[in-house]
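All remarks here apply to the structure that follows.
The values are calculated or read from the model by the stated rules, or taken from the named source; none is laboratory data. Computed from a predicted model, the values in this text were never measured in an experiment. So basically every Cβ, Gly included, is an ideal-geometry build from the backbone, and we count neighbours across all protein chains shown. In case anyone asks, the SASA skips ligands and DNA or RNA and just uses the protein heavy atoms, side chains included. Shrake-Rupley method; radii C 1.70, N 1.55, O 1.52, S 1.80 Å.
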Amino acid sequence: MTGLLDGKVALVTGAGHGIGRGHALELARHGAVVIVNDLGTSLSGEGSGRVADKVVQIIESRAGKAISDFSDVGDEQQVELMVERAYSQLGRLDIVVNNAGIVRDKAIWNMTADDFDLVMRVHVRGSWLTSRAVARRWRSEAKANGGKVYGRIINTTSGAGLHGNFGQTNYSAAKAAIVGLTQTLSLELASIGATANVISPGGRTRMSASMPGAAAPIEPDELSEDEFDPKDPALSSPVVAWLASPEAGHISGQIIRAVGENLQLLKGWHPVASVSNGGKRWNAGKLGAIMGTDVFGTRNPGLRLGG
């Protein structure tokens, strides 16, 4: 295995299980020292545990280097201390993969405000706090050395955030917000040479297993390197490792969907139809025909009504 990330230090949040664990193992395989962050909660964000230690043990058993971290990514002080420890113990922090997340799925009429707030706290606030803490460090370094820094932020969205999903108004909103966060980060970090991108992964995880009738999760260390399972949650991890590498220094503000053997570059919120009213105010009473023909294409333009 090439040392694509030799000399680099990476932080992966929510790395105790599933997709995050896959990212941590992959980054370590390519030579990065990995900070394995996981509070060890249940899928719904309750309790705590030391599952990060198991991931560290796996990495060390494969001759890699890693340390455990049990910080709550939604807690400002804990995040600041987590980043401070990276610098005090390892001397640097080059890569941040924001993957931590929970779910509290309910249709909106059954969802409580606490269900919404906690999911937003972990996904959005957690990604923002960690990004801010490292961005401040990188900016100070850039000012001190009069140049650029090596910095990579890779945030996590999902199909629910891109397309919506029944019962997940909280989770879908959080994952969509992360896209906007990342695109803005890419603009703000450009002047110091750091990048920010989004990965949209898939696989059989604890989250997917919580759906009715879903199969049990796959943990990335359960499959050998020769086995291919399209539901392996680690299949997106090589893309994360590449985005974290020197080879991807020119890539920023991008959304990459990596599910199974397929990679897709996603572009959102671009015009697919456009009409003009010739400098006049729109008339709501006449919009039906225009929207039907020229915007949504649901009527034959030759049958346009109300001109």
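Taking residues in the range 77-94 that are under 13 Å from Ala10 (Cβ atoms), and partners anywhere that are of a type in the set (Phe, Trp, Tyr) and surrounded by 15 or more Cβ atoms within 10 Å (Cβ to Cβ), the pairs with Cβ atoms closer than 9 Å and at least 6 places apart or on different chains are Arg92/Tyr150; Leu93/Trp138; Asp94/Tyr150.
Being closer than 21 Å to Leu5 by Cα and either outside any strand (DSSP E or B) or under 19 Å from the mean Cα position of the chain (by Cα) (or both) is a property that holds for Ala196. The residues in the range 74-115 that are farther than 18 Å from Arg152 by Cα and β-branched (Val, Ile, Thr) can be counted, and the count is 4.
For the range 167-174, the count of residues that are touching a residue at least 12 places away in the same chain (Cβ under 8 Å), under 20 Å from Arg125 (Cα atoms), open to solvent by less than 40 Å² (accessible area, probe 1.4 Å) and touching a His at 6+ places or on another chain (Cβ under 8 Å) is nonzero.
Residue pairs whose Cβ atoms lie under 6 Å apart, separated by 6 or more positions or on different chains, with the first residue in the range 239-260 and under 20 Å from His163 (Cβ atoms) and in a loop (DSSP other than H, G, I, E, B) and the second open to solvent by less than 30 Å² (accessible area, probe 1.4 Å) and of a type outside the set (Gly, Ala, Ser), are Gln254/Asn197. Taking the criterion of being assigned to a loop (DSSP other than H, G, I, E, B), out of contact with any strand residue (DSSP E or B) (no Cβ under 6 Å at 6 or more places or on another chain) and open to solvent by less than 10 Å² (accessible area, probe 1.4 Å), the residues of the range 4-24 that qualify are Leu5, Gly16.
Would a scan of the range 223-235 turn up a residue that is in contact with a helix residue (DSSP H, G or I) (Cβ under 7 Å, 6 or more places away or on another chain), modelled with pLDDT of 95 or more, on the phi < 0 side of the Ramachandran plot and of a type outside the set (A, V, I, L, M)? No; the residues of the range 223-235 include none that is in contact with a helix residue (DSSP H, G or I) (Cβ under 7 Å, 6 or more places away or on another chain), modelled with pLDDT of 95 or more, on the phi < 0 side of the Ramachandran plot and of a type outside the set (A, V, I, L, M).
This table checks each residue for (1) charged (D, E, K, R); (2) more than 21 Å from Gly3 (Cβ to Cβ); (3) open to solvent by 50 Å² or more (accessible area, probe 1.4 Å).
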residue	(1), (2), (3)
Phe228	no, yes, yes
Lys231	yes, yes, yes
Val240	no, no, no
Gly253	no, yes, no
Gly260	no, yes, no
Ser274	no, yes, yes
Trp282	no, yes, yes
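Taking each residue of the range 281-298 that is outside any loop (DSSP other than H, G, I, E, B) and looking for partners that are at pLDDT 90 or above and open to solvent by 70 Å² or more (accessible area, probe 1.4 Å) with beta-carbon atoms closer than 9 Å, six or more apart or interchain, yields Ile290/Trp282; Asp294/Ser274; Val295/Ser274.
Looking only at the range 55-76, filter to residues that are among the acidic types (Asp, Glu) and open to solvent by 60 Å² or more (accessible area, probe 1.4 Å); which one of those is nearest to Val9 (Cα to Cα)? Let's see the steps before the verdict.
Step one: filter the range 55-76 for residues among the acidic types (Asp, Glu), giving 60, 69, 72, 75-76.
Next, only the ones that are open to solvent by 60 Å² or more (accessible area, probe 1.4 Å) stay: 60, 76.
Working: Glu60: 15, Glu76: 21 Å.
Result: Glu60.
Scanning the range 76-120 for residues that are of a type in the set (Asp, Glu) and touching a Gly at 6+ places or on another chain (Cβ under 9 Å) yields Asp94, Asp105. When the residues of the range 126-148 are narrowed to those that are open to solvent by 20 Å² or more (accessible area, probe 1.4 Å) and either part of a loop (DSSP other than H, G, I, E, B) or touching a strand residue (DSSP E or B) at 6+ places or on another chain (Cβ under 6 Å) (or both), which ends up modelled with the highest pLDDT? The selected residue is Lys148.
If I filter the range 151-166 down to residues being open to solvent by 50 Å² or more (accessible area, probe 1.4 Å) and touching a residue at least 40 places away in the same chain (Cβ under 8 Å), which single residue comes out as farthest from Glu247 (Cα to Cα)? Before you say what the answer is, go through the steps one by one.
Applying the first criterion (open to solvent by 50 Å² or more (accessible area, probe 1.4 Å)) to the range 151-166 yields 162-163, 165-166.
Next, only the ones that are touching a residue at least 40 places away in the same chain (Cβ under 8 Å) stay: 162, 166.
Numbers: Leu162: 27, Phe166: 38 Å.
Checked the range 151-166; the qualifying residue farthest from Glu247 (Cα to Cα) is Phe166.
None of Ala52, Ala86, Ala28 is in contact with a Phe, Trp or Tyr (Cβ under 8 Å, 6 or more places away or on another chain), crowded, with 20+ Cβ neighbours inside 10 Å and part of a helix (DSSP H, G or I) except Ala52.
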